[in-house]
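One structure is given below, encoded as C-alpha cells.
The values are calculated or read from the model by the stated rules, or taken from the named source; none is laboratory data. None of these values were measured; they are calculated from a predicted model. Cβ: placed from backbone, ideal geometry, glycine included. Neighbour counts: every protein chain shown.
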Amino acid sequence: MNKQPAGEQRTYVGIDVSARELTVATSESAGTMKWQRVSNTAAGHRRLIEQWQGRAATVMVCMEASGNYSLDLALALAKAGEPIQLSMPNPRQARRFAESLGKRSKTDPVDAGTLCEYAQRMPLQVWQPPSKVALQLRALARTVAALQRMVTQQHNRQHALEASAALPAMLVRELERQAGYLETRIRRLRQQALRLIEQDGKLLRAWRQLLTIPGVGEVSALAVLAEIAVLPATLDARQWVAQCGLDPKHHSSGSSVEMKTRISKAGNRYLRAALFMPALVAVQHDEALRGFYERLCQRGKAKLQALVAVMRKLLHAVWGMLRHDQPYDGSKLCPQM
C-alpha cells in the first residue's frame, strides 16, 4: 500500500497514453474516480499541468512508458516540479496488477483507472528525467539497432534468392543496393552518436572505460552506453540487473513443483541484446570470465545459462567501473576460487 503521511493530501492520477490522446483518471478519495481526455500535444500537456499546479495536495501521477508517445509528457511533468510527482512503473508490473484486480477488458479508460489504482496502492519511485544528450544518444543507438535488423533481413532474402537459378538475378542486385544504403545510414548515425559522446565529458569517460573490457568494441560500447546513460544515478548494481531483466526468476511450490530458474526478462531488451556479443567474445578472450564460464558449465549449467551469468557479471563490472571511475579489471570481477 502506498502509505500517506498523516495530514498530507494526495491526488492520484493514472494516464493512458496513445499517439494522439491522453486518457486521464483522477481520484481524490477512495472509491471515486473521474476521467477526462486531452490531446497528446504540448497544449494538452500544459492544460494538465495547470490543473494540478494550483492544488495544495501532492499529485501522484502514474503512467506506463510508451516510447516516444509518452516521452514529451514525462519530461513536461518532471520539469513542472511540485506538487506533481511522476512515476513510470515497468509495464509488466502494471499489467500483472490489472490481472490481480480481475480486469478482463482492455480499453483506454480501464487502463487509466488501473494506473490510478496502482498509484494509490503500490509504492512508487519518482521518475528522474535523463539528460537531453542521453536521450538523443539512446534514440540514435536504437535506430541503428533497428536498421541493423533490416540489413540482416535483406541479406537473408538475398541468400534465399541466390539459392534458386529460376529467380531473376536483378532481385539479388536490388537487395544488395538496399543493404548498402542501410549500411551507409548506419555508419552516419554511429558517427553522429560518437560526436554526441565527445561533447559530453561524463559520457566520454564512460565510453573510454567500456572500451577497456575485452570483447567490447565501438559498436557494442555504443549500444551499452546508450542504454545505461538514461538509468538513474541512484540505482545500485543489482537494480541495474533488474532494469535489464537479467535477474533470476524462481518457480517452485511445495515438494512437487520445481521448475528451472530463468531470467525474468522484465526489463530493457535493448540492453540485454547489447550485452550478448560482448559476453560471447569475453568468454573466449578474457581469462577471468572464461574461468567463471567454465566453472558454471562444470557445475551442470547449460552453456546459454552460463553465458547469461557472464552477461550479468559484465553489467556488474560496468556499474563498478563507472561508479569508481576505473578501467576494467577481470581479477576483481572474478577472483580465483
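Checked against the criterion of being of a type in the set (S, T, N, Q) and not in a helix (DSSP H, G or I), region 315-329 contains one or more residues that satisfy it.
Only residues that are surrounded by 15 or more Cβ atoms within 10 Å (Cβ to Cβ) and either touching a residue at least 60 places away in the same chain (Cβ under 8 Å) or of a type in the set (Val, Ile, Thr) (or both) were counted across region 22-33, and they come to 6. A search for C-beta distances below 6 Å between a residue of region 317-337 that is within 19 Å of VAL224 (Cβ to Cβ) and any residue that is assigned to a loop (DSSP other than H, G, I, E, B), counting only pairs 6+ apart in sequence or on different chains, returns PRO327/THR212; TYR328/THR212; TYR328/ILE213; GLY330/ASP286. One residue stands out in region 34-60 among those that are touching a residue at least 40 places away in the same chain (Cβ under 8 Å) and in contact with a helix residue (DSSP H, G or I) (Cβ under 6 Å, 6 or more places away or on another chain): the one that is surrounded by the fewest Cβ atoms within 10 Å (Cβ to Cβ), namely TRP35.
Among the residues of region 52-73, write down those that are small (Gly, Ala, Ser) and not in a helix (DSSP H, G or I). Across region 52-73, the qualifying residues are GLY54, ALA56, ALA57, ALA65, SER66, GLY67. Annotation note: of SER87, SER29, SER39, the sole residue that is of a type in the set (Ser, Thr, Tyr), modelled with pLDDT of 90 or more and more than 30 Å from SER264 (Cα to Cα) is SER39. What about ARG312, is it without any contact (Cβ under 8 Å) to a residue 12 or more places away in the chain and assigned to a helix (DSSP H, G or I)? No.
A quick yes/no check of all residues on (1) modelled with pLDDT under 95; (2) outside the structural domain of HIS316 (by TED's automatic domain parsing); (3) more than 21 Å from the chain's Cα centre (by Cα):
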{"site": "ALA160", "(1), (2), (3)": "yes, yes, yes"}
{"site": "ALA165", "(1), (2), (3)": "yes, yes, yes"}
{"site": "LEU171", "(1), (2), (3)": "yes, yes, yes"}
{"site": "ILE186", "(1), (2), (3)": "no, yes, yes"}
{"site": "LEU189", "(1), (2), (3)": "no, yes, no"}
{"site": "ALA193", "(1), (2), (3)": "no, yes, no"}
{"site": "GLY215", "(1), (2), (3)": "yes, yes, yes"}
{"site": "VAL230", "(1), (2), (3)": "yes, no, no"}
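With respect to (1) closer than 22 Å to ASN268 by Cβ; (2) modelled with pLDDT of 90 or more, the lone exception for GLY67 is condition (2). Applying the set (1) touching a Pro at 6+ places or on another chain (Cβ under 9 Å); (2) surrounded by fewer than 19 Cβ atoms within 10 Å (Cβ to Cβ); (3) in a helix (DSSP H, G or I) to ARG96 leaves exactly one unmet item: (1). Residues of region 119-150 that are among the β-branched types (Val, Ile, Thr) and farther than 30 Å from LEU101 by Cα: VAL133, THR143, VAL144. Within region 297-337, the set of residues being within 20 Å of the chain's Cα centre (by Cα) and hydrophobic (A, V, I, L, M, F, W, C) comprises VAL308, ALA309, VAL310, MET311, LEU314, LEU315, ALA317, VAL318, TRP319, LEU322.
Hey, does region 162-175 have a residue that's in contact (Cβ under 8 Å) with a residue 60 or more places away in the chain and of a type outside the set (A, V, I, L, M, F, W, C)? Within region 162-175, none of the residues are in contact (Cβ under 8 Å) with a residue 60 or more places away in the chain and of a type outside the set (A, V, I, L, M, F, W, C). All but one of (1) at pLDDT 85 or above; (2) touching a helix residue (DSSP H, G or I) at 6+ places or on another chain (Cβ under 8 Å); (3) farther than 18 Å from LEU225 by Cα; (4) assigned to a loop (DSSP other than H, G, I, E, B) hold for ASP111; which doesn't? Of everything listed in (1) at pLDDT 85 or above; (2) touching a helix residue (DSSP H, G or I) at 6+ places or on another chain (Cβ under 8 Å); (3) farther than 18 Å from LEU225 by Cα; (4) assigned to a loop (DSSP other than H, G, I, E, B), ASP111 misses just condition (4).
Free of Cβ contacts under 8 Å to residues at least 60 places away in the same chain and either surrounded by 13 or more Cβ atoms within 10 Å (Cβ to Cβ) or within 23 Å of the chain's Cα centre (by Cα) (or both): is that true of LEU225 in this structure? No. Of the residues making up region 194-212, none is closer than 30 Å to ARG92 by Cα and of a type in the set (S, T, N, Q).
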